[in-house]
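The values are calculated or read from the model by the stated rules, or taken from the named source; none is laboratory data. Source: prediction; values computed, not measured. All Cβ positions, glycine included, derive from the backbone under ideal geometry; neighbour counts span all protein chains shown. Remember, those area values only see protein heavy atoms, side chains included, never the ligands or the DNA or RNA. Shrake-Rupley method; radii C 1.70, N 1.55, O 1.52, S 1.80 Å.
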Amino acid sequence: MKGISVLGATGSIGTQTLDVLANHRDKFRLVAMSVGKNLALAEEQIHQFKPPLVSVMTDEDRKTLASKVPEGTRVVCGEEGLIEVATAEKAEILVNAVIGSVGLAPTLAAIEAKKTIALANKETLVTAGHLVTEKAREHGVKLLPVDSEHSAIFQALQGERMDRLHRIIITASGGSFRDKSRDELNGVTVEDALKHPNWSMGAKITIDSATMMNKGLEVIEAHWLFNLPYEKIDVLLHKESIIHSMVEFVDRSVIAQLGTPDMRVPIQYALSYPDRLEFHEGQQLNLWEVGKLHFAPLDMERFRCMAFAYESGKQGGTMPTVLNAANEEAVGLFLNNQLSFLGIEDVIEKALERHERIDSPSLADILHVDQETRAFVHSLIK
């Protein structure tokens, strides 16, 4: 039985991860988890799975939850708590499902502890891909993708030679506003943006999908996961989200991974790899019921965040750190009705234009640039 630690257990990916664990209790055991602000849900999860270790955000939350958990569950807090969860002794796999750059330090600590990393936190590779992949190689640690797109590529590459790869093609639904022109995006509301047509995700990722920054971050993540230049990473609009991504080889053969839009499938694959387990829930894919699949090229002028992501990735250094930090803060301001939807792009562009890139940044450099960028974004709103 594999011991599993989960960072972000009360979030969208976290709760779906626990669904997988609940459906395969003979295969997996939850040994540690971190939670966010939803302490009521956390309490339910703790009573259901009885993990020995739980981390919360603040000491006040720790005191609140500690009095409500079963005997045998220890509650810790803060970044030290996240790292303790990530490196829990009985954990074989760490599922990093937190949102944002907060997932970086625990991931690095887990790699040093030689845990297999099931990565759903894009920002870890976006902000510090060179550090994470180098440390993973040094310690012989696997980085297993959880995102449906990267999981699809990972699955399509099984048994293949990387020197025979021509390109990878990441598919994108286009998000909530895929059928709107840029003019029609003026004045769209938070409620409009949160209505994703295909996937059930948290608020931040859903907004990123609407701006296409989510796909931009995936491009940077794919660069690090598969050690590919950006010229070999393409993005294709595919509104049904049936083909999760494709791989093209030098002989022009294209291998695609298909399935219904259900994040529990790639989560389960990462946890069970190299095995496959029966998936007890969800719908079977019957293509005759789908009828048609639609595809369209990506317009970089329509989806400016994609252009920002490609350019930041190619420049490297601290540019992706700025991209990610500016986006996180801008999305938060939009969700709080302090910034317009198109204002997200404007804020990111200003942050990128002002930054002087640091090549081969240290962890300290990355953390400093991250905080400096966040402060700059908020200075634009005052």
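When Ser173, Ser151, Ser181 are checked against the criterion of being touching a Phe, Trp or Tyr at 6+ places or on another chain (Cβ under 8 Å), of a type outside the set (D, E, K, R) and modelled with pLDDT under 95, a single residue qualifies: Ser173. If the condition is being in a helix (DSSP H, G or I), surrounded by fewer than 16 Cβ atoms within 10 Å (Cβ to Cβ) and touching a residue at least 12 places away in the same chain (Cβ under 8 Å), then region 289-305 contributes only Val290.
Look at (1) surrounded by 14 or more Cβ atoms within 10 Å (Cβ to Cβ); (2) of a type outside the set (Phe, Trp, Tyr); (3) not in a loop (DSSP other than H, G, I, E, B) and you find that Asp163 fails only one, number (1). Listed here are the helices (runs of 4 or more DSSP H) enclosed by region 177-268 that have at least 2 residues being open to solvent by less than 30 Å² (accessible area, probe 1.4 Å) and not aliphatic (A, V, I, L, M): 203-211, 213-225.
When region 320-331 is examined, which residues are found to be free of Cβ contacts under 8 Å to residues at least 60 places away in the same chain and open to solvent by 10 Å² or more (accessible area, probe 1.4 Å)?
Residues of region 320-331 that are free of Cβ contacts under 8 Å to residues at least 60 places away in the same chain, as a first pass: 322, 326, 329-330.
Residue satisfying the conditions is Glu329 alone.
So, of the residues in region 114-140 that are open to solvent by less than 30 Å² (accessible area, probe 1.4 Å) and in a strand (DSSP E or B), which turns out to be nearest to Thr318 (Cα to Cα)? Checking each candidate, the answer is Leu119.
Without any contact (Cβ under 8 Å) to a residue 60 or more places away in the chain, part of a loop (DSSP other than H, G, I, E, B) and of a type in the set (A, V, I, L, M, F, W, C): is that true of Val98 in this structure?
Considered against the rule, which asks whether it is without any contact (Cβ under 8 Å) to a residue 60 or more places away in the chain, part of a loop (DSSP other than H, G, I, E, B) and of a type in the set (A, V, I, L, M, F, W, C), Val98 comes out as no.
Between residues in region 62-90 that are open to solvent by 50 Å² or more (accessible area, probe 1.4 Å) and residues that are among the acidic types (Asp, Glu), which pairs lie under 9 Å by C-beta distance while being six or more apart or on different chains? Cβ pairs passing all conditions: Lys68/Glu43. Residues considered: Glu60, Glu43, Glu71. Of these, the only one that is over 17 Å from Leu94 (Cβ atoms) and outside any helix (DSSP H, G or I) is Glu71.
A quick yes/no check of all residues on (1) under 30 Å from Gly259 (Cβ atoms); (2) open to solvent by less than 50 Å² (accessible area, probe 1.4 Å); (3) out of contact with any Cys (no Cβ under 6 Å at 6 or more places or on another chain); (4) acidic (Asp, Glu):
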{"residue": "Ala307", "(1), (2), (3), (4)": "yes, yes, yes, no"}
{"residue": "Tyr310", "(1), (2), (3), (4)": "yes, yes, yes, no"}
{"residue": "Lys314", "(1), (2), (3), (4)": "no, no, yes, no"}
{"residue": "Thr318", "(1), (2), (3), (4)": "no, yes, yes, no"}
{"residue": "Asn337", "(1), (2), (3), (4)": "no, no, yes, no"}
{"residue": "Ile348", "(1), (2), (3), (4)": "no, yes, yes, no"}
{"residue": "Pro361", "(1), (2), (3), (4)": "no, yes, yes, no"}
{"residue": "His368", "(1), (2), (3), (4)": "no, no, yes, no"}
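The requirement of being at positive phi and of a type outside the set (A, V, I, L, M) is not satisfied by Gly129.
Among the residues of region 141-148, is any over 18 Å from the mean Cα position of the chain (by Cα), open to solvent by 10 Å² or more (accessible area, probe 1.4 Å), at pLDDT 85 or above and under 27 Å from Thr116 (Cα atoms)? Yes, region 141-148 has at least one match.
Assess whether Glu328 counts as being outside any loop (DSSP other than H, G, I, E, B) and out of contact with any helix residue (DSSP H, G or I) (no Cβ under 9 Å at 6 or more places or on another chain). Spell out how you get there, then give the answer.
Details: outside any loop (DSSP other than H, G, I, E, B): yes; out of contact with any helix residue (DSSP H, G or I) (no Cβ under 9 Å at 6 or more places or on another chain): no.
Against the criterion (outside any loop (DSSP other than H, G, I, E, B) and out of contact with any helix residue (DSSP H, G or I) (no Cβ under 9 Å at 6 or more places or on another chain)), Glu328 does not qualify.
With Val247, Val254 as the choices, which residue is closer than 23 Å to Met306 by Cα and at pLDDT 95 or above?
Just one listed residue meets the conditions, Val247.
In region 22-43, the residues that are open to solvent by less than 10 Å² (accessible area, probe 1.4 Å) reach residues that are among the aromatic types (Phe, Trp, Tyr) and part of a helix (DSSP H, G or I) with C-beta atoms within less than 9 angstrom, at least six apart or across chains, in these pairs: Leu30/Phe49; Met33/Phe49. Within region 91-103, the set of residues being open to solvent by less than 10 Å² (accessible area, probe 1.4 Å) and in contact with an Asp or Glu (Cβ under 7 Å, 6 or more places away or on another chain) comprises Gly100, Gly103.
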